[in-house]
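As structure tokens, the structure follows; a few thoughts come after it.
The values are calculated or read from the model by the stated rules, or taken from the named source; none is laboratory data. Since we're looking at a predicted model, the values are computed, not measured. Note that each Cβ is placed from the backbone with ideal geometry, even for glycine, and that neighbours are counted across all protein chains shown. When the accessible area is computed, the model is the full protein with side chains, heavy atoms only, and any ligands, DNA or RNA have been set aside. Shrake-Rupley method; radii C 1.70, N 1.55, O 1.52, S 1.80 Å.
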Amino acid sequence: MIAVVPGELVASTPRAARGTGLDRAFEILCFSAATFLLAALGGLIVSLAIGGWPAFANFGVGFFFSAEWDPVREIYGAAGAVTGTLVTATVALLISLPLALGVAIFLVELCPTPLRRPIGTAVELLAGIPSIVYGMWGLFVFAPWFSKHVQMPIMMSAKPGTLWETLTTGVPNGSGILSASIILAIMILPFMAATLRELFLTIPPQVRESAYGLGSTTFEVIRNVSLPYIRTGAIGAVMLGLGRALGETMAVTFIIGNSHGFPTSMFASGSTIASTIANEFAEATGVLHTSSLIALGLVLFVITFIVLALARVFIGRQANL
Amino acid sequence: MFRNFAFGLAACLALSACGKPDAAKAPAAGAQIVGAGSTFAAPIFAKWAEAQKAETGLSLNYQAIGSGGGIKQIKAKTVAFGATDKPLKLEDLDAAGLVQFPAIIGGVVPVVNIPGVTGGQLKLTGPQLADIYLGNIKKWNDPALVAANPGVALPNLPITVVHRSDGSGTSFLFTSYLTAVAPKWAVVGANDAVKWPTGQGGKGNDGVAGFVKQTPGAIGYVEYAFAKMNSMAHVNLQNAAGTFVEPTAESFADAAASADWSKAEGFYLLLLNEPGANAWPITGATFVLMHKNQTDAATGRAVLSYFDNAFNKGDAAANELAYVPLPADLKTRVRSSWSAIVGPDGKPVYAPAP
């Protein structure tokens, strides 16, 4: 995925010049496939904007800053869901990045060759588990365990009246912002680990071998040679993981507790943009309700677009090194 | 998210693609009728269809896409009938040229997880339930609850309120009930999704039941069938007659039978707080929506004959799945309402056997 084919090489081949009818048809086919994708993307943005327009027109800029979400009185604001989305995705990233780095480094640098394939495959299999399964597992297996062994001890140890107590209040059943972030972290881990592993494999062997030749230990090679070498690409991989965490729906819906408004503690219930849409779209009948949900979709689209664009920039820089 | 979006789009396309040709076809033996809507009613619709397929060859393609979806699809004429847990008002029906009738009764049951308290021990009045869901009553040993439940050891445990996170007919019925019995609830209002003052949202009956089971001190609400199938600890509620009733098939049937359907134009009636001595106060029905003017008489005939057949022979199947069949006089009333559904020639498409 990092390979870049320089455009002029393809264009200057003499073959294209003596193109037969078949070549021409093939060219048109490929061109229309690519433009179809662009048209679909453009259509999606336009339809989201049109669908969300009543909400934007009605609430104005306040739509982005209000956390009020009241379907009975038809008052909608995106702030709560946007906050929930950004918080869960960021925390998920903070948890999964060290793990993903560890997995990738182990697979590339340290793993005994016979174990390399099984572990690599296992990581990739994790990525293939459907989101809903993570949700069910999160709700019925992870949440009770998390409540008993993590949440309850933390909540009971918090001194009344302290900031720590405010940050740890919540329903002691293992659901909430932090649980959702942990589930998200598990979900984006395989993707990030696989990408980071690919990046480590792009390091030319002679670079690492030279470092070893100078007498560096494995740790020094990783810290001083490998990590700096893949740095920009790694940021891109992280951004792609973030992009996935932002849009994740079913697993989060099951475990986040689904209450609108700003989350006030790490065990508090919250909501994300995707979970709000998944929860309410099927039954939304009012024009403003439907349109607010579509507007939320547009907001998520924009956030994801920004993240992916940044990822492209970073990965592009890595490829050009 | 775009995956889901695209999937939804594809599903809609598929639905309309298979809906339209069927609507145009004459439903002779082996015909298929297409419906969409309420997820709550989907299992019993499927069970009825299965029994009838062997008998008449009629097959049902029912898409459980949710009540809101059912209303949208029938208005868009992509399906032969829609099904909704939230009835449409007469003016909405007239505006869209639709008729509606109840097909099956269900209801909402509050369930609790209080250590030491078994199903049916806890008694609550409507206003108390509203106070709990408003966050005014915060502990199970609140004096009001203790006074109302002599002999029940209510612990000093915070109450965790659990509600549905997804828009649902169950929430609509529950919040409509609270609106009807507790003036205080007006600050929240009734809808299939509301701004809950407190508590956690679980996705679907599963999600609510999961949170309730895992949280000591939790109270939630689920469909009656779900509570019964999963033997959850239910709450007995006080009804309009002042008695505390158990949620059973009989108390739901009593609510449906004691309701005054004669004044319900277009069958718009929520079976909340009905006067029957043994009536369960949060009862509701799934309503079938059809176009008054059927462009193809045969399709309309097939749909009505399906429901007529289900009314005649489907009660046992309904009981088996913990649904409550319509009482006999309501069935008669529904059948007579079918004369309003006419074909292109202006004549009723279906005449139920007398």
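Tabulated data
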| item | result |
| --- | --- |
| Cα-centre dipole for chain A with unit charges at Cβ (Lys and Arg positive, Asp and Glu negative), debye to 20 | 700 |
| Electrostatic dipole magnitude of segment B:74-188 [Cβ: Lys, Arg +1; Asp, Glu -1; Cα centre; debye, to 20] | 140 |
| Within segment B:59-107, trypsin sites (Lys or Arg not before Pro) in DSSP loop having at most 16 other beta-carbon neighbours inside 10 Å | B:LYS77, B:LYS89 |
| Using alpha-carbon coordinates, inclination of helix B:297-313 to the longest axis of chain B, degrees | 40 |
| Inter-part distance where segment A:52-91 and segment B:262-297 are each reduced to a Cα centre, Å | 35 |
| Shielded residues, segment A:166-184 - accessible-area loss of 30 Å² or more between chain alone and all protein chains, probe 1.4 Å | A:VAL171, A:ASN173 |
| Convex hull volume per residue in cubic angstrom - Cα atoms of the protein assembly as shown | 215 |
| Per residue accessible area in Å² of chain A, where ligands, DNA and RNA are left out and the probe is 1.4 Å | 50 |
| Residues A:PHE305 and A:ILE203, FRET efficiency given R0 of 22 Å [Cβ-Cβ distance, rounded to 0.05] | 0.10 |
| Segment B:150-203 and segment A:253-321: distance between their alpha carbon centers, rounded to Å | 26 |
| Angle in degrees between helix B:249-258 and the longest Cα principal axis of chain B, rounded to the nearest 10 | 70 |
| For chain A, alpha-carbon Rg over 2.2 N^0.38 Å | 1.20 |
| Diffusion coefficient, µm² s⁻¹, Stokes-Einstein with Kirkwood Rh over alpha-carbon pairs of segment A:197-321 at 4 °C and 1.567 mPa s | 73 |
| Ordering of A:58-67, A:176-185 by packing [mean C-beta count within 10 Å, highest first] | A:176-185, A:58-67 |
| HN-Hα J in Hz across segment A:136-141 - Karplus 6.51, -1.76, 1.60, θ = phi - 60°, x for Gly and Pro | 5, 4, x, 6, 9, 10 |
| Heavy-atom accessible area per residue - segment B:72-127, 1.4 Å, Å² | 32 |
| Solvent exposure of segment B:273-322 as accessible area per residue, Å², 1.4 Å probe | 32 |
| Threshold 10 Å² - residues in segment B:200-221 whose accessible area is reduced by that much or more when the chain is no longer isolated, probe 1.4 Å | B:GLN200, B:GLY201, B:LYS203, B:ASP206, B:GLY207, B:GLY210, B:PHE211, B:GLN214, B:THR215 |
| Inverse mean reciprocal Cα-Cα distance (Kirkwood Rh) of chain B, Å | 21.1 |
| Extension reserve of the A:LEU37-A:GLU165 stretch, reckoned as 0.36 nm per residue once the Cα distance is removed | 41.1 nm |
| FRET efficiency, 1/(1 + (r/R0)^6) with R0 51 Å, evaluated for B:LYS263 and A:VAL141 via beta carbons | 0.50 |
| Given B:LYS228/B:LYS292; B:LYS139/B:LYS213; A:LYS148/B:LYS139; B:LYS86/B:LYS263; A:LYS159/B:LYS139; B:LYS47/B:LYS89, the pairs whose alpha carbons are separated by over 27 Å | B:LYS228/B:LYS292; B:LYS47/B:LYS89 |
| Between helix B:42-56 and chain B: long-axis angle, C-alpha atoms, 0 to 90°, nearest 10 | 30 |
| Nonlocal amide H pairs with B:TYR62, under 5 Å, H built at 1.01 Å | B:GLY35 |
| Helical segments meeting 20 Å axial Cα length and Kyte-Doolittle -0.5 threshold in chain A (DSSP H) | A:21-59, A:79-105, A:113-128, A:177-201, A:227-247, A:287-320 |
| Accessible surface of segment A:160-241, 1.4 Å probe, proportion on carbon and sulfur as whole % | 67 |
| Between segment B:106-147 and segment A:104-176, the alpha-carbon center distance in angstrom | 33 |
| For the pair B and A, total buried accessible area rounded to nearest 100 Å², probe 1.4 Å | 2900 |
| Farthest toward positive dipole pole in the protein assembly as shown [+1 Lys/Arg, -1 Asp/Glu at C-beta], among A:ALA194, A:SER269, B:LEU326 | A:ALA194 |
| Carbon + sulfur, % of accessible area of segment B:172-317 - ligands and nucleic acids excluded, 1.4 Å | 52 |
| Rounded FRET efficiency, nearest 0.05, which uses the C-beta distance separating B:LEU321 from B:ALA54 and R0 of 22 Å | 0.75 |
| Cα centre as origin, Lys/Arg/Asp/Glu Cβ charges: segment B:199-354 dipole, Debye | 280 |
| A:CYS30, A:CYS111, ranked by accessible area, largest first (probe 1.4 Å) | A:CYS30, A:CYS111 |
| Label-point separation in nm, A:ILE132 to B:GLU246, each point 7 Å along Cα→Cβ | 3.5 |
| Label point distance in nm, B:ALA153-B:SER336, each placed 7 Å from Cα along Cα→Cβ | 5.6 |
| Cross-link partners of B:LYS331 among aspartates and glutamates (Cα-Cα below 19 Å; sequence separation of 8 or more within a chain) | B:ASP85, B:GLU250, B:ASP254, B:ASP260, B:GLU265, B:GLU274, B:ASP308, B:ASP315 |
| Per-selection Rg to Rh, segment B:97-166 - Cα, Kirkwood hydrodynamic radius | 1.12 |
| For chain B, share of DSSP beta bridges that run antiparallel, in % to the nearest 5 | 60 |
